[in-house]
1. Test D151 against the criterion of being within 30 Å of R85 (Cβ to Cβ), in a loop (DSSP other than H, G, I, E, B) and out of contact with any His (no Cβ under 7 Å at 6 or more places or on another chain), and give yes or no.
2. If you check A190, A139, which single one turns out to be without any contact (Cβ under 8 Å) to a residue 12 or more places away in the chain and in contact with a helix residue (DSSP H, G or I) (Cβ under 6 Å, 6 or more places away or on another chain)?
3. Quick check on the stretch 75-95: of everything there that is assigned to a loop (DSSP other than H, G, I, E, B) and modelled with pLDDT under 95, which residue is farthest from V133 (Cα to Cα)?
4. Kindly provide the set of residues from the stretch 30-72 that are in contact (Cβ under 8 Å) with a residue 40 or more places away in the chain, small (G, A, S) and over 20 Å from K157 (Cβ atoms), ordered by number.
5. Kindly evaluate A162 against the criterion of being of a type in the set (A, V, I, L, M, F, W, C), assigned to a helix (DSSP H, G or I) and at pLDDT 95 or above.
6. Cβ-Cβ below 7 Å, separation at least six or inter-chain, first residue in the stretch 96-109 and part of a helix (DSSP H, G or I), second surrounded by fewer than 18 Cβ atoms within 10 Å (Cβ to Cβ) and at pLDDT below 95: which pairs?
7. Applying the selection to the stretch 33-59, what residues are within 22 Å of the chain's Cα centre (by Cα) and assigned to a loop (DSSP other than H, G, I, E, B)?
8. Which of (1) at pLDDT 95 or above; (2) within 22 Å of D65 (Cβ to Cβ); (3) crowded, with 23+ Cβ neighbours inside 10 Å; (4) not hydroxyl-bearing (S, T, Y) is the odd one out, the single condition V227 does not satisfy?
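The values are calculated or read from the model by the stated rules, or taken from the named source; none is laboratory data. Everything numeric in this text was worked out from a predicted model, so none of it was measured. Glycine also receives a Cβ, built like all others from the backbone with ideal geometry; neighbour counts cover every protein chain displayed.
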Amino acid sequence: MTHPVTPKAQSALRAATAVLLDLDGTLVASRDGIVRCLRQALRDLGHAPDPERDLTWVVGPPLHDIAARLLDEFGDDRVPLLMERYRHHYEAGGLFESPLFPGIRQALDRLAGAGHRLVLCTSKPLHTARLIVDARGIAGLFDGLYGAGPDDGGAEKSELIARLLQTEAIDPRRAVMVGDRRYDIAGAHANRVRALGVLWGYGGREELDEAGADGLVEAPTQLVGAVREQLAASA
């Protein structure tokens, strides 16, 4: 016989376990909008980026690092200007080219329904991330939203995770990070948090394996079970 979880027990469970979630490549398929806006920003600076070149790698790292690497190929050091032009195009419409991956809404509902605290942890500027989760109707599922500053300061995953753990009073042993890139794995491990790598994003199995992911998830339908296993192993 099963018994319903009382509000008091539910509250205690939510306080005890937390799922930290990356945004780009984990919750939303944002590559096309990001790449389009970066190419437009490069054209604004007088460059002619190859429209056929695969720029999947730009999804995940801090914007400053992306801009520096892109401009280095053109012998250009105007990183702040490229960042400014990218933000202009992205906030003018590119950010809304970020649909939820199929099955993500259901996975988030199940995680929240299981009593876990959900906390967004993204290298995107916080105000941009908030616009995206609002537009996708999932903002209300999160107990906290954490991202970079307006100038992309504090975008490193290790810094973000350290800040949110302290602010939200989360025990690292009762938390798991979910992301699609090595930055998510390394940032979690730097804070003694276990990390799950998702294979529907932009990092891929090899990158996540090399980063030392504690587990890999092939589909959103498997996420709840994988989170449960990692939390049990950590505890």
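1. Answer is yes for this residue.
2. None of the others qualify; the one that does is A139.
3. Filtering first and then ranking leaves A92.
4. If the condition is that a residue be in contact (Cβ under 8 Å) with a residue 40 or more places away in the chain, small (G, A, S) and over 20 Å from K157 (Cβ atoms), then G33, A41 are the ones that fit.
5. Judged against the criteria, A162 is a match.
6. Here the result reads F96/A135, each pair linking the stretch 96-109 to a residue that is surrounded by fewer than 18 Cβ atoms within 10 Å (Cβ to Cβ) and at pLDDT below 95.
7. Selection gives D54, L55, V59.
8. All conditions pass for V227, except number (2).
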